[in-house]
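What follows is one structure encoded as structure tokens, with my remarks underneath.
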Amino acid sequence: MNPSEKGWLKEYLEFRKPHPINLKPYKLKGRDSLLYKIIQPTGLIYGHPIHAPGLKHPKEQRWNSLGKMKIVLLESFFHSALLTSRQHPSTPDEWDNFYEHTAQSIGNFYCHVNPELLSKRLFYFKKVETTDLRYTEKILQRKLFLKTRWDSLWVSLFKNSILFLDTFYFGEWKIGRTQNIKQHKDGMKMMLLKIIAAATHANHILKSQQKNVFFDFLDSYNLSKAQTKLLKEAFREEITIDDIDLSLADTWLLKRFVLELTILMIWADKVVADEERFFLIKLANKLGLKEIDLDISLISIESFVVENWKEVYFLQNKHSYQVVTQMIQQRFTSILNNYRDKIISEIKQTHNLSELLGKWKYETLSDEEKEKTGTLIRKVLSTIPIFGITEIPDSFLQFPQIMKILP
């Protein structure tokens, strides 16, 4: 099976059929937090899809980047549909029907969100129904945007990150909330571009790279002439965050998405200046989030970058890697200090952990003791909200690193 070849979707569904989606490891209840927890590690939210959630195909390493991205998007639709399903499949036949019906629904969904697709001829020789798997293949091919050069990264990032919104809207569409989805999505795009315009002026030193990022984003959105003109005027007039209506970001997931995409844009020069930090705090507050939520989002992004360093080519140099890992460590320490009393209480209640930590202060632990201590501390930290929502790199959860970030 190769996602770059015609007919790949039918073959993939045959592969997927015997493998149910398992939501138990996530230990979260809310749909928003669950969808974020499942999809965030894939990179789709950052416009840089790397691997699909859950199941891994044995031939994945042979696929090119575009092929991998198709599977990430398809699996994200599967998970979003499952989270909005009233009754989850339980038998192999039910799972088979679920996967096939969901795949067939993707074409109809995009025709609802982008009705102009109905007037476009996607196949040269004959008409193919929107419920046909071949139609879904073509739509997924059209929707993904891939650039490999650094100077094209931001166009790719912005276009692909909007696909994360599609997975959210797909769930809404599946449960019958079909009204105003297109208008809501278009409004979200306009709102995001206004925020990015405001962010480029946040430190009062408009850098050419940040300016280029904004116009790259603008060009990638396929907006109307009137919308483009409006956004260019907003950019020239140095729109501020106070001038922007953020009411469309009306769920926790959408708020998180807006905040993290803005963080990525500010990361264009790999530095978050004090004025930009203040801008992000103000944005978080206006979204109804707290400063700790901002730090958790920063850790989420930084953790993704560190965990996928070889694939995230736009930050690949030794100095940046060191800076990012140091920032994560500092943020962890700061956040965990907020839960100091809870952590101490959990440590006291965890069998043998207090004794092992007491011994560690005065003598070297054996490898077995270090492994046991690390396991017990990870169990304690799992009670802290950030560890439930954010995917933390394994390298930061090993014994030496954990001991550095504990309060």
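Observations on the structure shown:
- The stretch 176-190 and the stretch 341-397 have their alpha-carbon centroids 45 Å apart.
- Listed values for the stretch 348-362 are Karplus-derived 3J(HN,Hα) couplings in whole Hz (6.51 cos²θ - 1.76 cosθ + 1.60, θ = phi - 60°), namely 5, 8, 8, 4, 6, 5, 4, 5, 5, 5, x, 5, 4, 5, 10, and x replaces Gly and Pro.
- Measuring between alpha carbons in the structure, the pairs from K310/K379; K290/K342; K143/K182; K127/K225; K159/K282 lying more than 24 angstrom apart are K310/K379; K127/K225; K159/K282.
- Peptide ranges 1-12, 345-356 listed from the most packed, as the mean C-beta count within 10 angstrom indicates: 1-12, 345-356
- Only Lys, Arg (+1) and Asp, Glu (-1) charged, at Cβ; the stretch 5-123 dipole about Cα centre in debye: 300 debye
- Using only side-chain charges placed at the Cβ, +1 for Lys and Arg and -1 for Asp and Glu, the dipole size of the stretch 1-49 relative to its Cα centre rounds to 300 debye.
- Summarising the label geometry, the points placed 7 Å from Cα in the beta-carbon direction at D219 and E275 lie 2.6 nm from one another.
- Peptide packing: for 127-140, 86-99, 68-81, 227-240, the average count of neighbouring Cβ atoms within 10 Å per residue gives the ranking 68-81, 127-140, 227-240, 86-99, highest mean first.
- What separates the Cα centres of the stretch 68-100 and the stretch 222-295 is a distance of 32 Å.
- Backbone HN-Hα couplings from phi across the stretch 50-64 [Karplus 6.51/-1.76/1.60, Hz, Gly and Pro as x]: 10, 8, 6, x, x, 4, 10, 6, x, 9, 4, 5, 8, 7, 7
- Reported value for the stretch 220-305: 127 Å³ per residue, from the convex hull of its C-alpha atoms.
- Inter-label distance, N338 to T364: 3.8 nm, where each label sits 7 Å from its Cα along the C-beta direction.
- Placing +1 on the Cβ of every Lys and Arg and -1 on the Cβ of every Asp and Glu, with no other charges, gives the stretch 319-380 a dipole of roughly 280 debye about its Cα centre.
- Evaluated at q = 0.14, 0.25 Å⁻¹: base-10 log I(q)/I(0), Debye formula over Cα of the stretch 18-70: -0.43, -1.05
- For the stretch 296-307, the Karplus equation 6.51 cos²θ - 1.76 cosθ + 1.60, evaluated at θ = phi - 60°, returns couplings of 5, 5, 4, 5, 4, 5, 5, 5, 4, 5, 5, 5 Hz by residue, with Gly and Pro reported as x.
Coordinate-derived values only; no laboratory data. Because the structure is predicted, anything quoted here is derived from the model rather than measured. So basically every Cβ, Gly included, is an ideal-geometry build from the backbone, and we count neighbours across all protein chains shown.
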